[in-house]
Amino acid sequence: MLPKYKRVLLKLSGESLQAKGSNDPFDPKIIEQYARDIKGITELGVQVAVVVGGGNIYRGMNEADSGIERAHGDYMGMLATMINGMAMQAMLEKIGVYTRLQSAIQMEQVAEPYIRRRAIRHLEKGRVVIFAAGTGNPYFTTDTAGSLRAVEIKADIILKGTRVDGIYTADPEKDPTATRYEKISYQECISNNLKVMDMTAFTLCMENNLPIIVFDMNKPGNLQSVIEGSGVGTLVS
């Protein structure tokens, strides 16, 4: 089947790189599965950008408990996303995918600086571009970084890969009667307090008419199914 989207931004949480119940920050099998799924859609001609969170390494902590002020902690989180970006880059290149890692914080030895026009040119050449270090600013999440980069590179859609196969009326792990939405509007998400992304990220998507698909990234082949428009996950538009 022909891909439904030409240019996508794939948003992954840092926790998704971690095996359930493990204290290790990475599970190589999960990273390899993600890399192979990404390779599969690049072979269809899809241009792919990736934003990975950092929660498997460092999560923002309460300042009163940790003694680390919020801005300082956020910069620590940005460095965690760099580590995850490098791990994803290493696995993609191991299986033969050309990549570029771009950082919102200057780290010349390991990544290019984020330059919008350069990122777009890499995508046009078929390289997977990994955006790391969030927006480069504290007080913004990697969800917001993903939305911002998607708007900047004129992505057709944000694909939010999670451990759940879409958006539900309630938490399906806690409520067995929860049902999955196939499609939902931005306004319904806000009205029903469905936490698709943090509000800053979500508002940015809504204002720029950028659709979001929330899907289960841990099932091999799901990413390609989403790209082919086969109804996997939940579409927010």
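The values are calculated or read from the model by the stated rules, or taken from the named source; none is laboratory data. Computed from a predicted model, the values in this text were never measured in an experiment. In this analysis, Cβ positions are derived from the backbone assuming ideal geometry, glycine residues included, and neighbour counts consider all displayed protein chains. Surface areas here come from the heavy atoms of the whole protein model, side chains and all, with no ligands, DNA or RNA. Shrake-Rupley method; radii C 1.70, N 1.55, O 1.52, S 1.80 Å.
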Over 21 Å between Cα atoms: which of 4/125; 20/174; 11/39; 39/219; 160/183; 11/174 fall into that group?
11/174
Rounded to two decimals, the Debye log10 I(q)/I(0) of the chain (Cα scatterers, no solvent) at q = 0.10, 0.14 Å⁻¹ is -0.43, -0.89
Setting aside same-chain residues fewer than 8 positions from residue 94, which aspartates and glutamates have a Cα under 12 Å from its Cα?
32
Rounded to the nearest 20 Debye, what is the dipole magnitude of segment 28-180 about its Cα centre when Lys and Arg each give +1 and Asp and Glu each give -1 at the C-beta?
620 debye
Efficiency of FRET between residue 118 and residue 79 - r from beta-carbon atoms, R0 35 angstrom, step 0.05:
0.95
Ignoring any ligand, DNA or RNA, what whole percent of the accessible area of the chain comes from carbon and sulfur when the probe is 1.4 angstrom?
50 percent
Filter the GluC sites (Glu not before Pro) in segment 165-217 down to the DSSP loop ones having no more than 12 other Cβ atoms within 10 Å, then list what survives.
173, 182
For the chain, modelled as a GNM with alpha-carbon contacts under 10 angstrom, which of 159, 17, 148 fluctuates the most?
148
Show me, bin by bin at 5 Å from 0, the whole-percent P(r) of segment 175-237 based on Cα pairs.
4, 16, 26, 23, 18, 12, 2
Using the Karplus curve 6.51 cos²θ - 1.76 cosθ + 1.60 with θ = phi - 60°, work out ³J(HN,Hα) for each residue of segment 98-114 in order, rounded to whole Hz, and write x for Gly and Pro.
6, 9, 9, 9, 10, 10, 6, 10, 5, 9, 4, 6, 10, 8, 6, x, 6
Where segment 1-139 is the region considered: accessible area per residue in Å², 1.4 Å probe
51 Å²
Extension reserve of the residue 39-residue 108 stretch, reckoned as 0.36 nm per residue once the Cα distance is removed
22.2 nm
